[in-house]
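Step one of this worksheet: look at the structure below.
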Amino acid sequence: MFRSENPVQKLVPEFNFTKAKSEITPTGIKLHTLHAEDAEISRLQIEFNAGYAHQKKSLVANLCAKMLNKGTTDYTAKEINEQFDRAGAFWEAECMADKLLLTLHCLPKNLSSVLPLVANIIKSSTFPQLEFEQLLSISKQKFLVNCQKVSFVARQVFIERLYNNAHPYNNTLKIEDFECIDSQDLLEFYKHHIQ
């Protein structure tokens with residue numbers, strides 16, 4: 001093939017995408033399901049209006065997302081992790097500007113056995129103090145390390161200039177933010193936006 005000649009153009013064949021089935025549950029929750037019988041893995045994704053734009057203090061939404069599976073009224077963090085491991089499940093919590101996404105990946109045959117645990121995490125998280133202090137310490141260390149990186153500092157400055165300090169999308173952090181937060185802040189955010 002020569003670079004001076006255009007490649008032969010071909011029409012792309014029509015794709016058949018499986019459409020999601022959408023419904024509203026009796027409790028008013030939007031539910032979208034996509035059934036794929038030959039799928040080797042199931043993914044459950046739950047979305048909450050609980051991103052950092054909804055927080056009153058910096059770090060609250062992000063730490064709340066990370067703390068959800070650290071203990072409930074029925075299970076410790078260790079027990080939760082053991083149940084996920086037994087079922088071959090993987091749990092993720094991602095905090096974005098407007099949304100908090102909880103994602104569970106597992107084998108289809110184990111999904112029904114893991115769903116009660118997921119419901120328990122969403123309804124009954126307790127935010128244990130010891131786990132909170134450990135997570136806060138780790139987050140603070142990561143922040144201090146990131147402050148040495150040009151890309152992180154540049155992003156912080158860019159966000160500060162793009163949004164003023166009062167704007168909900170300004171999620172820049174300062175070292176003081178780690179000192180003025182406690183597990184009670186997370187619990188209040190959780191009760192208001194997730195539970």
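Would you mind working out the magnitude of the charge dipole of segment 28-69 relative to its Cα centre, with +1 at each Lys and Arg C-beta and -1 at each Asp and Glu C-beta, to the nearest 20 Debye?
Details: 5 positive and 4 negative charges, 105 e Å.
Dipole of segment 28-69, to the nearest 20 debye: 500 debye.
Identify the residues of segment 41-63 with backbone N under 16 Å of a label point that sits 7 angstrom from the Cα of residue 79 along the Cα-to-Cβ direction, or state none.
None, by backbone N distance to the label point.
Treat the count of other C-beta atoms within 10 Å as a stand-in for reagent exposure and order 76, 33, 27 from fewest to most.
Values: 76 14, 33 9, 27 5.
Going from least to most buried by this count: 27, 33, 76.
Cross-link candidates for residue 78: which lysines have Cα within less than 25 Å, leaving aside residues fewer than 8 places away along the same chain?
66, 70, 109, 123, 140, 142, 191
Within 10 Å of each residue's Cβ, count the other Cβ atoms and sort 143, 90, 48 from fewest upward.
On the way: 143 16, 90 13, 48 19.
Fewest-to-most Cβ neighbours within 10 Å comes out as 90, 143, 48.
Counting residues in segment 98-195 as N, plug N into 2.2 N^0.38 Å and put the Cα Rg over that result.
Numbers: Rg = 17.3 Å, N = 98, 2.2 N^0.38 = 12.6 Å.
Normalised Rg, Cα atoms only: 1.38.
So, by mean Cβ neighbours within 10 angstrom, what's the order for 126-134, 168-176 with the highest one leading? List each step's numbers first, then the result.
On the way: 126-134: 15.7, 168-176: 13.8.
The densest-packed peptide leads the list: 126-134, 168-176.
If you average 1/r across every pair of different Cα atoms in the chain and take the reciprocal, what Kirkwood value do you get, in Å?
Details: mean 1/r = 0.0509 Å⁻¹.
Final number for the Kirkwood radius of the chain is 19.6 Å.
Within segment 119-155, which residues have the backbone N less than 15 Å from the label spot 7 Å out from residue 31 along Cα→beta-carbon, could you tell me?
Under 15 Å, as judged by backbone N against the label point of residue 31, lie 119 of segment 119-155.
Once phi is turned into ³J(HN,Hα) by the Karplus curve 6.51 cos²θ - 1.76 cosθ + 1.60 with θ = phi - 60°, what whole-Hz value does each residue of segment 61-74 show in order, with x for glycine and proline?
5, 5, 5, 4, 4, 6, 8, 3, 9, 8, x, 10, 5, 9
Take the alpha carbon atoms of segment 33-59, find their center, do the same for segment 129-181, and report the distance between the two centers in whole angstrom.
Centre-to-centre (Cα) distance: 23 Å.
What FRET efficiency do you get for residue 22 and residue 2 if R0 is 45 Å and r is their Cβ-Cβ distance, rounded to the nearest 0.05? Intermediate results must be reported in sequence, preceding the final value.
On the way: r = 50 Å, r/R0 = 1.11.
Efficiency computed from Cβ-Cβ geometry: 0.35.
The numbers here are math on the coordinates, done by the rules we state, and not lab data. Just so you know, these numbers come straight off a predicted model, no measurement behind them. So basically every Cβ, Gly included, is an ideal-geometry build from the backbone, and we count neighbours across all protein chains shown.
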